[in-house]
1. Which of the GluC sites (Glu not before Pro) across segment 98-185 are loop residues per DSSP, with 10 or fewer other Cβ within 10 Å?
2. From the residues Phe158, Val172, Met264, which one has its Cα farthest along the dipole of segment 117-276 in the positive direction, the dipole being from +1 and -1 charges on Cβ of Lys/Arg and Asp/Glu about the Cα centre?
3. Given points 7 Å out from each Cα along the Cα-Cβ axis, report the Ala235 to Lys68 separation in nanometres with one decimal.
4. With labels modelled as points extended 7 Å from the Cα through the Cβ direction, what inter-label distance (nm, one decimal) is found for Leu228 paired with Ser199?
5. Quick check: pseudo-label points 7 Å beyond the Cα along Cα→Cβ at Glu164 and Ser259, how many nm apart are they?
6. Give the shape of segment 117-276 as rounded, prolate or oblate, defined through the alpha-carbon gyration tensor: a ≥ b ≥ c are the square roots of its eigenvalues, a/c under 1.5 means rounded, and otherwise the shape is prolate if a/b is larger than b/c and oblate if not.
7. Ranked by Cβ crowding within 10 angstrom, fewest neighbours first, how are His49, His116 ordered?
8. Given a Förster distance of 35 angstrom, what is the FRET efficiency for Val212 paired with Arg32, based on the Cβ-Cβ distance and rounded to 0.05?
Amino acid sequence: MIDRSHKLPLMRQGNILELSRSSLYYEALPVRPRDLEMMRIIDELHMKHPHMGSRSMRDRLRDRGYPKVGRGHVSTLMKKMGIEALYKKPRLSEPHPEHKVYPYLLRGLEITHANHVWATDITYLPMAKGFCYLAAVIDWASRKVLAWRLSNTLDASFCIDALEEAIALYGVPEIFNTDQGSQFTSEEFTRILINNGISISMDGKGRWRDNVLVERLWKSVKYEEVYLKAYGSIAEARKGLGEYFEFYNNRRHHQGLDSKTPDMVYLATLPKEQVAA
């Protein structure tokens, strides 16, 4: 991956590998293999049973071969992963008290065409010897994954990179929906939306259903790709996810799309003026 002794500048290496800028200078503290395995199990359990808190997780981990694990340690691991009970999704995006929060604009809105509404979120991804975070931008009407990025940190830069790529490739949506996490309420992120004339919509606090389509994407990604493989590195994860998202967009037929692929629906519902452009 990144070679600090190479003659190629770090920023250039990062651009080639599509790493967020902050990741180039981040040095992760090692996580014990035992904890990594428990985090992998917690992630799987959370996807199936989002209501489970640290006490229930502890009991299930004991059933899985960790008889001495305590509730306090399980709680610490869940916080590291950004997971809380009663939420359908990992709460990786924590609110910032000084950032502006925008109202939710999608309630009762009929979303029928491509580039009407885009959405984004972050999820935790387990690897064989570590973990990373995935951010993706999707088109709401078609479920097409427009852009995505991986990072080993939870700053805003990899979310911004994904947003900028989506706009460069597909133009701009009318509305962009996120949760209230600090990555998405940051001035750097919202400035891009405002400068492009995009209306900003944010989920109600703790209301995972407000961004449910991204949650469904995470479930598909994990059960159809991530849990079936043990990525050895972020580079390996990037290759596997790149192949998966190509399959997801172009060849995976969705029941919710009348058995069409996201690409079929995106192209069929794109406004004529945008097709011409």
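Bear in mind these aren't lab numbers, they're just calculated from the coordinates by the rules spelled out. Keep in mind that what you see is a predicted model, and the values were worked out from it rather than measured. Cβ atoms come from the backbone with ideal geometry, glycine included; neighbour counts cover every protein chain shown.
1. Filter output for segment 98-185: Glu98, Glu110.
2. Met264
3. 3.8 nm
4. Label-label distance for Leu228 and Ser199, simple model: 3.9 nm.
5. 4.3 nm
6. Oblate, since a/c reaches 1.5 and b/c is not below a/b.
7. His49, His116
8. 0.50
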